[in-house]
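One structure is given here, and the rest of the page talks about it.
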Amino acid sequence: MGRFFIFLIAIPIFSVVAKAQTRTDKLYTVSGIGTSMPIGDAADVFGPKISTTLGLNLGLGNGGLFLYPKLSLHALSYRGKQPDEGFSYTAQTGRATTYLLNVGLGYRKMIGKFAFYGFAGAGGGYILTPRVDVNNTALQVKLSNQTHFVPIAEGGAGVEFSLGGLSLFTEAGYMNGFKKIQNRNFTTVPLTFGIKPNLSKLFNK
């Protein structure tokens, strides 16, 4: 189901790639690594671990506008506050994972070898949280995951440094989920460092 959801969003994205390629910086791939810092009530349940980001920057027109689809794969520590429905225990040293796709619209301003950009968008995906079922009679513990579909909104800003065929970048965002997990909104600040190879020449040949 998650792959089907991503496929439906990806169709209009790649139709943009197939259209006019008039700029020399029309298409970048985005690969980043970092962490995600839960804030507010979410910090009571989730904690930061490692995160990865995969995406594209698709230039729109001849100005600084670009389309920014990205997939956020966050690994988070998890400390349940109340049992899930039908369960008697909560996981205290578990791990939560996210598969969240955001499609944003951004603007980039070039100043020499540096570029400064901001973006905002929306999307959704899945957050998996652990749960525990204990059979005291059989002395058994069964671990499983609960899957939450969560709509999200995300905005952020970043800085790039051009090395010619690729750029180094650092980015900070603000992500808010619109479905409660453990009676708390999933709100987090992703921090990412990575590279953006410029693939525009492949399409301009």
How many of the residues in the stretch 157-184 are without any contact (Cβ under 8 Å) to a residue 40 or more places away in the chain and on the phi > 0 side of the Ramachandran plot?
1
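Of all residues in the stretch 75-96, how many are of a type outside the set (A, V, I, L, M, F, W, C) and buried (at least 17 other Cβ atoms within 10 Å of the Cβ)?
Total meeting the criteria: 5.
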For the stretch 45-102, which positions are hydroxyl-bearing (Ser, Thr, Tyr), within 17 Å of residue 128 (Cβ to Cβ), over 17 Å from the mean Cα position of the chain (by Cα) and assigned to a strand (DSSP E or B)?
78
Taking the stretch 144-179 only, how many residues are under 20 Å from residue 81 (Cα atoms) and more than 18 Å from the chain's Cα centre (by Cα)?
3
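Results for (1) of a type in the set (Gly, Ala, Ser); (2) at pLDDT 95 or above; (3) in contact with a Ser or Thr (Cβ under 6 Å, 6 or more places away or on another chain); (4) exposed (fewer than 13 other Cβ atoms within 10 Å of the Cβ), shown as yes or no for each residue.
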site: 112; (1), (2), (3), (4): yes, no, no, yes
site: 126; (1), (2), (3), (4): no, yes, yes, no
site: 133; (1), (2), (3), (4): no, no, no, no
site: 151; (1), (2), (3), (4): no, yes, no, no
site: 168; (1), (2), (3), (4): no, yes, no, no
Determine the pairs where a residue that is free of Cβ contacts under 8 Å to residues at least 24 places away in the same chain and closer than 28 Å to residue 59 by Cα, located within the stretch 115-136, has a partner that is among the aromatic types (Phe, Trp, Tyr) and surrounded by 15 or more Cβ atoms within 10 Å (Cβ to Cβ) with Cβ atoms under 9 Å apart, the partner being 6 or more residues away or on another chain.
none
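Every residue in the stretch 103-149 that is of a type in the set (D, E, K, R) and either closer than 27 Å to residue 177 by Cβ or part of a strand (DSSP E or B) (or both), please.
Selection gives 108, 109, 131, 133, 142.
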Residue 33 fails exactly one of the following numbered conditions: (1) surrounded by 15 or more Cβ atoms within 10 Å (Cβ to Cβ); (2) modelled with pLDDT of 95 or more; (3) of a type in the set (A, V, I, L, M, F, W, C). What is the number of that condition?
(1)
Please indicate, with yes or no, whether at least one residue in the stretch 81-92 is among the small types (Gly, Ala, Ser), touching a Leu at 6+ places or on another chain (Cβ under 8 Å) and farther than 15 Å from residue 45 by Cβ.
no
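The values are calculated or read from the model by the stated rules, or taken from the named source; none is laboratory data. None of these values were measured; they are calculated from a predicted model. Every residue, glycine among them, receives a Cβ derived from its backbone with ideal geometry; neighbour counts consider all protein chains shown.
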